[in-house]
Amino acid sequence: MNWSFPSQVIIQGINERYVAYHAVQMKAYGTNIVAGISPGNKGKNIEDIPLFDLVEQASAELGTIDTSLIFEPPERVLDAGREAIAAGIRQIIVFTSGVPPLDTISLLKHAKINNTLVLGPGSHGIIVPVQHWLGTLQPQFYTPGKVGLISYSKHLSYEVAWELNRAKIGQSMVVSLGSDRIIGSSLPQWLSILNADPN
């Protein structure tokens, strides 16, 4: 599977306060957050991010959506992922941890059939320093450069980036794989993605 940086991003589960906070921060950084999915809140907005009840409503109004960031509670992740895939979204990052293993397996099977890349569950997202920010990793810890950083741990990612920065080695891309025992895209897959990246 390939990864491409999205032109349009939605957030499923944006109604939680900390998720809304990160949505606003990502948008300010330059990420094109075009919609939030929050059933019962269609027509409202969070800092100019319009809300929809369903992913298909957002797709119908906004056109092709590349990526969904899923922050739904563990028991709703499977339905959220399947809804995103049904709407034609082919890149999904699941931030929720503690997703029931059988739900994760079901989601990954469905994603594979539909050629959809899944990062997580339990991911903290992806950063290309000063260019793209998808998630909860804090961009101030990273500097632009040529070294890819892949981690299972948010805090160890910060620690390694700090050591790299001290050595004046910047990062081309930072990827958080996820903390659950069963996750989607793997270390070998992301090594392949980084290997194909001219940066």
When a/c is below 1.5 the answer is rounded, else prolate if a/b is larger than b/c, else oblate, so apply that to the range 1-87 with a ≥ b ≥ c taken from the square roots of the Cα gyration tensor eigenvalues. rounded
Checking the a/c ratio against 1.5 first, then a/b against b/c, what shape does the Cα gyration tensor give for the range 131-182? prolate
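Where does the range 41-199 land on Rg(C-alpha)/(2.2 N^0.38 Å)?
On the way: Rg = 16.3 Å, N = 159, 2.2 N^0.38 = 15.1 Å.
Here the answer is 1.08, to two decimals.
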May I ask you to derive the relative contact order of the range 137-199, considering only C-alpha pairs under 8 Å and at least 6 residues apart, and to give it as an integer percent? 37 percent
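Within the accessible area of the range 68-199, what % is carbon and sulfur when the probe is 1.4 Å and the other protein chains stay in place? Before the final figure, lay out each step's value.
On the way: 3550 of 6220 Å².
Whole-percent figure for carbon plus sulfur exposure: 57.
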Using a Gaussian network for the chain with springs between C-alpha atoms less than 10 Å apart, which of these wobbles most: SER38, SER186, SER97? SER186
Given 0.36 nm per residue, what is the gain on full extension from SER192 to SER153 after removing their alpha carbon distance, in nm? 12.0 nm
Most mobile of PHE52, PHE141, PHE71 in a GNM of the chain (Cα contacts under 10 Å): PHE141
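Using just the helices of the chain, give the 222 nm mean residue ellipticity in deg cm²/dmol: DSSP H runs with n ≥ 4 each add -39,500 (n - 2.57), and the total is spread over all residues, rounded to 500.
Numbers: 6 runs with 66 residues, N = 199.
Taken over the chain, the calculation gives -10000 deg cm²/dmol.
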For the charge dipole of the chain, defined by +1 on Lys and Arg C-beta atoms and -1 on Asp and Glu C-beta atoms about the Cα centroid, which residue among ILE169, ILE11, SER59 has the Cα displaced farthest towards the positive pole? ILE169
Size of charge dipole - the chain - debye, nearest 20, with Cβ of Lys, Arg +1 and Asp, Glu -1, no other charges: 420 debye
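Given a Förster distance of 30 angstrom, what is the FRET efficiency for LYS42 paired with ILE182, based on the Cβ-Cβ distance and rounded to 0.05? Numbers along the way, then the final one.
Values: r = 33 Å, r/R0 = 1.10.
Efficiency, rounded to the nearest 0.05: 0.35.
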Where the centroid of each part is defined by its Cα atoms, how far is the range 156-189 from the range 44-89 in Å? 26 Å
Looking only at GLN12, GLN91, GLN140, which one moves most when the chain is put into a Gaussian network model with springs between Cα atoms under 10 Å? GLN140
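The values are calculated or read from the model by the stated rules, or taken from the named source; none is laboratory data. Because the structure is predicted, anything quoted here is derived from the model rather than measured. Please note: Cβ atoms are built from the backbone with ideal geometry, for glycine as well, and neighbour counts cover all protein chains shown. For accessibility, only protein heavy atoms count, side chains too; no ligands or nucleic acids. Shrake-Rupley method; radii C 1.70, N 1.55, O 1.52, S 1.80 Å.
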